[in-house]
1. Might you check whether a residue that is in contact (Cβ under 8 Å) with a residue 24 or more places away in the chain and either under 30 Å from Ala104 (Cα atoms) or assigned by TED's automatic domain parsing to the domain that holds Leu49 (or both) occurs anywhere in region 181-189?
2. Of the conditions (1) among the hydroxyl-bearing types (Ser, Thr, Tyr); (2) touching a helix residue (DSSP H, G or I) at 6+ places or on another chain (Cβ under 7 Å); (3) crowded, with 18+ Cβ neighbours inside 10 Å, Ser207 satisfies every one except a single condition; which number is it?
3. Any residue that is at pLDDT 95 or above, exposed (fewer than 15 other Cβ atoms within 10 Å of the Cβ) and touching a strand residue (DSSP E or B) at 6+ places or on another chain (Cβ under 8 Å) - is there at least one of those in region 113-125?
4. Just to be sure before I move on: is Arg162 modelled with pLDDT under 95, of a type in the set (D, E, K, R) and more than 10 Å from the chain's Cα centre (by Cα) in the structure I sent?
5. In region 148-177, which residues are aromatic (Phe, Trp, Tyr) and touching a Cys at 6+ places or on another chain (Cβ under 9 Å)?
6. How many residues are under 22 Å from Pro176 (Cα atoms) and in contact with a Leu (Cβ under 6 Å, 6 or more places away or on another chain) when one looks only at region 26-65?
7. What helices (runs of 4 or more DSSP H) completely inside region 17-107 contain at least 3 residues that are surrounded by fewer than 16 Cβ atoms within 10 Å (Cβ to Cβ)?
8. Please give the number of the condition Ala120 fails out of (1) more than 17 Å from the chain's Cα centre (by Cα); (2) outside any loop (DSSP other than H, G, I, E, B); (3) under 25 Å from Arg248 (Cβ atoms).
Amino acid sequence: MPNIIEITDFAAPELDIYARLTEGQLLNRHEPDKGVFIAESPKVIERALDAGCVPISMLMEKKHVESQAREIIQRCGEIPVYAAEFDVLTQLTGFHLTRGMLCAMYRPPLPGPEEICEGARRIAVLENVMNPTNVGAIFPSAAALNMDGILLTSACSNPLYRRAIRVSMGTVFQIPWTILDSRSSWPGPGISRLRGLGFKTAAMALSDDSICIDDARLTAEDKLALILGTEGDGLPQETIADCDYTVRIPMSHGVDSLNVAAASAVAFWQIGGSFREVGEWGK
């Protein structure tokens, strides 16, 4: 039976996880096995459950308990389900964006890079992408456009931050990803590790020797890792120099760069699927 607990305010310490803990406290860097994330909205919660994430508690608008949340509550077993009227819940900043439902879950253990790369042909590497909105926006493009996995350097915003999960619409639970560990110090050792796994590397950057994203050499590669850089500055010269290719997206009207999330979608579309013919870009 579900454990429904009606609340009238957020004073209870059990609600700290929703009302008072910061993203850093939820992440729990010192004890990552105890890390927590917050999934928002029924669709995202369902995708997290489908991926095997373990729920801790739920918080929702009272009217949803016997309606749209009913099946989700049943899937979660006997965890506490905190329910309140809408006027109470609006005390939480941004509650109107959650579609009336939140679920606290344990962070799953991260796989190693080798596990992500095993059997993969196309992966994305995010280098120091620090905006959680951009990180979240990259995931649905990667999942939809045939990328097999995502690797993130340690300076990236964590994909399980609330904003990143929300923007991704739960696709962070649908495509394999991990954060590069200390053995993959970036860029040199990390790129060497990718080469050891059979990948050629392509840096998304503007340079004198860059090739177009529809270049036949890219689609001919059996395994390709596409590396995207941070907002504003892009990839550092050290990373570009270490890669096998430097790749650009053709643009018009004098535009010289795209937001990293937009650029990723264009690049994934071109290199991520055998459904596109070499050289078809721009026709």
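The values are calculated or read from the model by the stated rules, or taken from the named source; none is laboratory data. Source: prediction; values computed, not measured. Glycine gets a Cβ as well: all are built from the backbone with ideal geometry, and neighbour counts include every protein chain shown.
1. Yes, region 181-189 contains at least one residue that is in contact (Cβ under 8 Å) with a residue 24 or more places away in the chain and either under 30 Å from Ala104 (Cα atoms) or assigned by TED's automatic domain parsing to the domain that holds Leu49 (or both).
2. It fails just one condition, (3).
3. yes
4. yes
5. Scanning region 148-177 gives a single hit, Phe173.
6. Matching residues across region 26-65 total 5.
7. 70-75
8. Failing condition for Ala120: (2).
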